[in-house]
Amino acid sequence: MAVILPNSDEDAVTHDPLLPWLLLIKKALDEWSSANHDGARDLDKLLSDCINTFKHHSRYKNDIRFLKIWLLYLEGNKDFEKVFREMEEIEICIGHSLLYQWYALFLEAKGKWEDAHLVYQIGISRKAEPLDKLKEAQSLFIDRMSERLNASSLQEVDGSEPVQLAESDICPWSSSTVKELLNKINPRMTKFDGYHQINKVYSGKVALSSLTKTSRNKMIEIGGKKYQIKGCAGQGGFGTVFKAYVNSNPDEVVAIKIQKPAFPWEFYMYRLLDHRISDKERSSFGYAHRIHLYDDYSILVCDYLSQGTLQDAINSYVVTGKSMEEVLTIYYTIEMLCILESLHDVGIIHGDFKPDNLLIRYSRDELTEHGFRDRSGPWQDQGLCLVDWGRGIDLRLFPENAEFKGECRTSGFRCIEMQEKKPWKFQVDTYGLCVIVHMMLHNSYMEVQKKELPDGGFIYLPKTSFKRYWNVELWKSLFTKLLNSSPGNHKEVLQSLRKTFQDYMCSNPQLLKKLKELLAKQRASLCGA
């Protein structure tokens, strides 16, 4: 896909020489994601050339966009420590907490936990702003390290006493809780279709530890099939997802998630979705084909969707300094409300609801004005698909009125209850929805303020105000209700909001016409179709 700057942006290019580079880098990233090897080679050179062109320009020293370019370059560089040292010497965003948060997460994913901890300490000692966000991120990092250490010890100790689940104050993600729940569901899970337990370490010709974000065309053998690695589709602190061809067949593409230590919980969540979600809605939640559990690794084989994530769609606007069009934002808000309404209604919480985990789906057929409200016809294939179920919660495994404690992994998505050390339930997902909507509207994470009411009470609202030309009442209602709802009226709130947004879209045929045009434009831009 060629990136062409519109004429109206000529002044922007003149005043911001970095902008054309950002668009070229976005193009190269799109090609890299589609396993275009020329595009992958071009990306490294493009990043290097961009850095050399602007690294001594004072105007870009504290530009977050330039910081992202450096970090992209760092990720693909074998001597990443040297790259980071150069960033410090040139003082690229050294006063911004994101430098330390992103680099620490990169080191954590590589298993360099002590180095990651040191990076957090360096950023805090320099009082990088916003300092409270950096301290929050460090605290969550320490919690994750503690969980890892506990998980490792639990694997080594036989016959450890299971934790008795109390009526309240349950952390659903603690190693002890997960271990207890897995013991409880294991007899049922071993009978699930696609469950394969191998009581030995993985012994394939290609060591799984040798697979990196830049691995391509390596062949790994799992369960009698050969998977040709075609690139990295995502990486976190606990696992890496690879795009792969089954038996080198480009027509049979899957996503392979490799985790160490072995972690069968996500497979359980996928099978739970198979049983509880209706056939009509099932495509909104991702599919898992099988899991292979070794003593040292688990390998989860899932469907692969190549159209990108909602985060990619948001980023495509960020690089041009614009925000997503309101009509498109409304559409994705309806999609997310539908997803959470269906999910929570059958007793499941996702627990990690963020734009990286929402894959975009496009209809095979041309969209029409009909079928939008009930998501039928071509609209059934169009929308979002929620994946990454490692933090999923099956409410039916807990006491009926149970509420939870514990922190989510991503600091920007910690619900108000987490921030205030109060019990939470569905809020972990609905707060994530609010953050995503805020990102689409404002190109920034959401900050919340506590406002007093005339009757002496208070409500929570986003700090950033809405633009006058938006449908302000629609957005105000969404944030007010979701940021201040309780588990008791949760279902009614989601249903009411979803219907309100749908009524607005269906009230004017021009809105649906514009939506179809924007979706076609987005598809051409993100997928090169």
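The values are calculated or read from the model by the stated rules, or taken from the named source; none is laboratory data. Predicted model, so just to flag it, every value in this text is computed and none were measured. Virtual Cβ from ideal backbone geometry, glycine too; neighbours counted across all protein chains shown. Calculation scope for accessible area: heavy atoms of the full protein, side chains included, ligands and nucleic acids excluded. Shrake-Rupley method; radii C 1.70, N 1.55, O 1.52, S 1.80 Å.
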Check: Largest first, how would T214, T480 line up by accessible area (1.4 Å probe)?
Finding: T214, T480
Note to self: Largest first and in whole Å, what are the equivalent-ellipsoid semi-axes of the range 234-282 based on the Cα gyration tensor, each being the root of 5 times an eigenvalue?
What the structure shows: 22, 19, 9
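For C171 and R396, calculate 0.36 nm times their separation in residues minus their Cα-Cα distance, and state this gained length in nm to one decimal. Let's see the in-between values first.
On the way: separation 225, 0.36 × 225 = 81.00 nm, distance 1.51 nm.
79.5 nm is the gain from fully extending C171 to R396.
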Check: Distance from the Cα centre of the range 299-336 to that of the range 85-125, in angstrom?
Finding: 28 Å
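Work out, in µm²/s and without decimals, the Stokes-Einstein translational diffusion coefficient of the range 46-108 at 4 °C, 1.567 mPa s, Rh from Kirkwood over C-alpha pairs. Don't skip to the answer; put the middle values down first.
Values: Rh = 11.6 Å.
The Stokes-Einstein estimate is 112 µm²/s.
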Next item on the list: Could you give the C-alpha radius of gyration of the range 167-248 expressed as a fraction of 2.2 N^0.38 Å, taking N as the number of residues it contains?
Entry: 1.42
Check: Which residues in the range 88-106 have a backbone N closer than 18 Å to a point placed 7 Å from the Cα of S58 along the Cα-to-Cβ line?
Finding: 89-95
Check: To the nearest 10 square angstrom, what accessible area does T320 show with a 1.4 Å probe?
Finding: 50 Å²
Notebook entry, point to check: Between E88 and N443, what FRET efficiency follows from the Cβ-Cβ distance if R0 is 41 Å, with the result rounded to 0.05?
Noted result: 0.90
Next item on the list: Keeping all protein chains in position, work out how much accessible area I459 exposes to a 1.4 Å probe, and write it in Å² to the nearest 10.
Entry: 40 Å²
Check: Which one of L208, I69, S176 has its Cα pushed farthest toward the positive end of the charge dipole of the chain, where Lys and Arg give +1 and Asp and Glu give -1 at the Cβ?
Finding: L208
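For D295 and K191, what is the calculated FRET efficiency with R₀ set at 25 Å and r taken between the beta-carbons, to the nearest 0.05? List each step's numbers first, then the result.
Details: r = 21 Å, r/R0 = 0.84.
Efficiency, from the Cβ-Cβ distance: 0.75.
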Notebook entry, point to check: What residues of the range 184-216 lie in the reach of a label at H275, counting those whose backbone N is under 20 Å from a point 7 Å from the Cα along Cα→Cβ?
Noted result: 184-197
Next item on the list: Take the alpha carbon atoms of the range 433-459, find their center, do the same for the range 489-529, and report the distance between the two centers in whole angstrom.
Entry: 22 Å
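Between L453 and N199, what is 0.36 nm times their sequence separation minus the Cα-Cα distance? Round to one decimal in nm.
Details: separation 254, 0.36 × 254 = 91.44 nm, distance 6.02 nm.
Gain on stretching L453 to N199: 85.4 nm.
How long are the three semi-axes of the equivalent ellipsoid of the chain, in whole Å, if each is the root of 5 times an eigenvalue of the C-alpha gyration tensor, listed from largest down? Spell out each step's value before the answer.
Working: eigenvalues 210, 189, 138 Å².
So the equivalent ellipsoid measures 32, 31, 26 Å along its semi-axes.
Using a 1.4 angstrom probe on heavy atoms only, work out the carbon and sulfur share of the accessible area of the chain in %. Please report the intermediate quantities before stating the final value.
Values: 12240 of 25070 Å².
Accessible surface attributable to carbon and sulfur in the chain totals 49 percent.
Could you please put D193, D16, D394 in sequence from largest to smallest accessible area, using a 1.4 Å probe? It would help to have the intermediate numbers written out before the result.
Working: D193 125, D16 25, D394 0 Å².
Most to least solvent-accessible, the answer reads D193, D16, D394.
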Note to self: Can you give the Rg/Rh ratio of the range 445-529, where Rg is from the C-alpha atoms and Rh is the Kirkwood radius?
What the structure shows: 1.08
Checklist line | Theoretical gain in end-to-end length, S465 to I142 [0.36 nm per residue, Cα-Cα removed] | finding: 112.9 nm
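Given a Förster distance of 22 Å, report the FRET efficiency between S507 and T480 from their Cβ-Cβ distance, rounded to the nearest 0.05. The partial results should precede the final answer.
Values: r = 21 Å, r/R0 = 0.98.
According to the calculation, E is roughly 0.55.
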Margin query: Checking the a/c ratio against 1.5 first, then a/b against b/c, what shape does the Cα gyration tensor give for the range 317-421?
Written below: oblate
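Classify the range 343-501 from the C-alpha gyration tensor, please: rounded if a/c falls under 1.5, else prolate or oblate depending on whether a/b exceeds b/c. Don't jump to the answer; show the numbers that get you there.
Details: a/c = 1.68, a/b = 1.20, b/c = 1.40.
The shape class here is oblate.
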Checklist line | Alpha-carbon Debye profile of the range 241-310, log10 I(q)/I(0) at 0.13, 0.16, 0.19, 0.22 Å⁻¹ | finding: -0.42, -0.62, -0.85, -1.04
Checklist line | Computed [θ] at 222 nm, helices only, for the chain once each DSSP H run of length n ≥ 4 contributes -39500 (n - 2.57) | finding: -14500 deg cm²/dmol
Margin query: Checking the a/c ratio against 1.5 first, then a/b against b/c, what shape does the Cα gyration tensor give for the range 394-439?
Written below: prolate
Checklist line | Of K45/K213; K112/K213; K61/K82; K110/K179, those spanning more than 22 Å from alpha-carbon to alpha-carbon | finding: K110/K179
Next item on the list: With a probe of 1.4 Å, find how much accessible area the range 262-373 has per residue, and write the answer as a whole number in Å².
Entry: 32 Å²
